[in-house]
Amino acid sequence: MTSLDTATPPDLSGRNLSKRRAFANRTATILIGLCVLIAALPLILVAWEVLSRGSSAMSLGFLLDEIPRNYRTAGPGMGPAIVGTLVVTGMAALIAIPIGVLGAVYLNEYGKNRPLARFIRTMADVMTGVPSIVMGLFIYVSYVIVIGEKNGFAGSLALACLMLPIVIRSAEEMLRLVPDELRQASAGLGARKWRTTLTVVLPTASSGITSGALLAVARAAGETAPIIVTVGLTYVFKPDLFYGENTTLAAQIYRNATQPFEASQERAWGAALTLIALVFLFTILSRIISSRFAIDKR
């Protein structure tokens with residue numbers, strides 16, 4: 001027999017299997033891409049509608065001037081509402097983020113599966129599904145009625161209640177991703193648990209914790225119902241959050257969008273675009289901070 005007769009035939013079954021896997025991979029990739037496109041289509045349409053209708057109202061005066069007291073009055077502005085949104089939401093973040101991160105540290109580093117830790121997780125999951133108006137009514141009953149007036153701090157408390165479960169659960173998941181080898185190495189060098197958590201675990205998870213915190217801020221910044229219930233509807237911003245009603249972009253969107261006048265409708269679309277731009281800027285800022293943390297860890 002010649003050498004050609006004794007040659008091993010090619011593995012046709014292996015080639016067919018490889019082709020089938022490649023075809024299945026391409027098909028799955030296309031289907032996933034279509035699903036992402038379908039899921040993102042409503043968001044794209046909403047963003048385009050807000051951009052197309054709100055851009056006509058945008059100007060330097062719209063961002064800086066005072067809010068007109070007459071619904072029919074055309075023109076700027078939303079300056080007090082922008083400042084009020086930043087201050088009220090910022091106070092809510094100062095309340096919710098430290099408490100949420102500390103709660104996540106307890107759940108992941110100390111509580112584990114203890115009864116108190118399980119209770120906190122359950123309550124955080126329950127609070128995540130509570131409608132925002134319920135949080136507003138809770139703060140109204142427990143704080144506004146007690147002090148006898150609506151103010152900006154009441155709105156911050158309501159937004160903090162909405163942010164807290166998001167911060168707790170997102171921060172806990174990020175802490176879980178930190179390898180146990182880092183904790184063991186720090187303990188092997190003689191560091192106590194609190195020092196390991198403060199200098200090793202938290203810096204390692206800082207990128208994810210920052211993203212989760214900014215996600216909570218983005219959700220709180222656009223809430224309207226709890227703001228109206230606890231802060232009220234007014235035209236001016238008051239630097240003292242503990243005295244009198246205040247204004248935010250969410251409240252002004254509601255106030256102007258419910259009116260039939262063209263000037264009010266234009267201001268509502270402009271305020272909505274401004275709010276989206278603020279959330280977008282916060283997102284970019286969180287990415288910059290996260291990248292800085294990643295560079296420092298290297």
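Residues of segment 237-272 that are open to solvent by 30 Å² or more (accessible area, probe 1.4 Å) and closer than 22 Å to Gly54 by Cα: Ile253, Tyr254, Ala257, Thr258, Gln259, Pro260, Phe261, Glu262, Gln265, Glu266, Trp269.
Among all residues of segment 36-43, there is at least one that is out of contact with any Lys or Arg (no Cβ under 8 Å at 6 or more places or on another chain), loosely packed, with under 12 Cβ neighbours inside 10 Å, outside any loop (DSSP other than H, G, I, E, B) and among the small types (Gly, Ala, Ser).
Between a first residue in segment 185-206 that is farther than 11 Å from Met174 by Cα and a second residue that is open to solvent by 50 Å² or more (accessible area, probe 1.4 Å), which pairs have beta carbons less than 6 Å apart while being 6 or more apart in sequence or on different chains? The qualifying pairs are Val200/Leu182.
Limited to segment 51-73, what total is found for residues that are part of a helix (DSSP H, G or I) and exposed (fewer than 15 other Cβ atoms within 10 Å of the Cβ)? The qualifying residues number 6.
Filtering segment 74-88 to residues that are in contact with a helix residue (DSSP H, G or I) (Cβ under 8 Å, 6 or more places away or on another chain) and either open to solvent by less than 60 Å² (accessible area, probe 1.4 Å) or among the β-branched types (Val, Ile, Thr) (or both) leaves Gly75, Pro76, Gly77, Met78, Gly79, Ala81, Ile82, Gly84, Thr85, Val87, Val88. Considering (1) within 26 Å of the chain's Cα centre (by Cα); (2) assigned to a helix (DSSP H, G or I), the lone condition that Val130 does not fulfil carries the number (2).
Across segment 191-240, the number of residues qualifying as at pLDDT below 85, in a loop (DSSP other than H, G, I, E, B) and within 30 Å of Val178 (Cα to Cα) comes to 1.
The values are calculated or read from the model by the stated rules, or taken from the named source; none is laboratory data. It should be emphasised that the depicted structure is a prediction, and the values quoted were computed from it without experimental measurement. All Cβ positions, even for glycine, are placed from backbone atoms using ideal geometry, and neighbour counts span all protein chains on display. Accessible surface is based on the protein model in full, side chains and every heavy atom, while ligands, DNA and RNA are left aside. Shrake-Rupley method; radii C 1.70, N 1.55, O 1.52, S 1.80 Å.
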